[in-house]
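Everything below concerns the one structure shown next.
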Amino acid sequence: MRLIIALILPWLTFFTIGRPIAGIICLILQLTVVGWLPATIWAVYALSQYKTDQKIERALGRRA
């Protein structure tokens, strides 16, 4: 679901993963026609990093 949001409304993705400052910057970037594509790429990348961070935290949590 977050991937669909990242493709349609990239700035909203940052709010769903707890990064509101990046979301505001992404919104400003998305307001320009040229900036929509970089904003989308940035949101998809940030989402993949967020998922990777969650997997690492779960793996370390199981070890402790």
- prompt: What pairs can you find where one residue is in region 34-54 and modelled with pLDDT of 95 or more and part of a helix (DSSP H, G or I), the other is loosely packed, with under 11 Cβ neighbours inside 10 Å and acidic (Asp, Glu), and their Cβ atoms are less than 9 Å apart, with a gap of 6+ or different chains?
  reply: none
- prompt: Restricting attention to region 49-64, does a residue exist that is among the small types (Gly, Ala, Ser) and open to solvent by 60 Å² or more (accessible area, probe 1.4 Å)?
  reply: yes
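Quick one: would you say Ile5 is open to solvent by less than 90 Å² (accessible area, probe 1.4 Å) and out of contact with any Pro (no Cβ under 9 Å at 6 or more places or on another chain)? Break it down stepwise before answering.
Details: open to solvent by less than 90 Å² (accessible area, probe 1.4 Å): yes; out of contact with any Pro (no Cβ under 9 Å at 6 or more places or on another chain): yes.
Spelling it out, Ile5 is indeed open to solvent by less than 90 Å² (accessible area, probe 1.4 Å) and out of contact with any Pro (no Cβ under 9 Å at 6 or more places or on another chain).
The values are calculated or read from the model by the stated rules, or taken from the named source; none is laboratory data. Keep in mind that this is a model prediction, so the values were computed, not measured. Cβ coordinates were reconstructed from backbone atoms using ideal geometry, including for glycine residues, and neighbour counts include every protein chain displayed. Calculation scope for accessible area: heavy atoms of the full protein, side chains included, ligands and nucleic acids excluded. Shrake-Rupley method; radii C 1.70, N 1.55, O 1.52, S 1.80 Å.
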